[in-house]
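Below: one structure, written as structure tokens.
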Amino acid sequence: MTWRGGAGFYLIPFVETALPMQLHLSSWPEIETYLARYREAGKVDKHQYHSLYMQVKGARYKTKRALMETIHRMKEEAGRTKALADQATAAKAKAESKKDKKPAARTA
């Protein structure tokens, strides 16, 4: 039993509090198979798969659409991170080549 706050406190049975969770337990196996298909297709690597699987099992994603949007968001973020890393390495290489072209400092 749990307490429900408000103008007055009253006890509600555990069955009523657990009911909403039972409503989407029937859909998580199909979300899990959808995630497994993404893994087989190579759209999700094993680390992403594991974290997403645990979130699906914990009923974080209640629809396949929500899961798909999260996967797309993760891929976009990974792409952005990779692009920034490539830009940083290019900038470092450019700075090194510029440094090599500079004449040596005089020693007096």
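No lab work stands behind these numbers, since they all come straight from the coordinates. Remember, it's a predicted structure, so these values are computed and weren't measured experimentally. Positions of Cβ are backbone-derived with ideal geometry, glycine not excepted, and every protein chain shown enters the neighbour counts.
Using the Karplus relation 6.51 cos²θ - 1.76 cosθ + 1.60 with θ = phi - 60°, the per-residue 3J(HN,Hα) values for the range 78-84 come to 5, x, 5, 4, 5, 5, 5 Hz, with x marking Gly and Pro. Overall size of the range 23-71 from C-alpha positions, given as principal axis extents largest first: 31, 17, 15 Å. Net charge dipole, the range 23-71: roughly 60 debye, given to the nearest 20, about the Cα centre with Cβ charges of +1 for Lys and Arg and -1 for Asp and Glu.
Any idea how far apart Ser27 and Lys99 come out in nm if each label point goes 7 Å out from Cα toward Cβ? Once both label points are built, they end up 5.5 nm from each other. Rounded to the nearest Hz, the phi-derived 3J(HN,Hα) couplings of the range 58-75 under the Karplus curve 6.51 cos²θ - 1.76 cosθ + 1.60 (θ = phi - 60°) are x, 6, 6, 9, 9, 9, 5, 5, 4, 5, 4, 4, 5, 4, 5, 5, 5, 5, where x marks glycine and proline.
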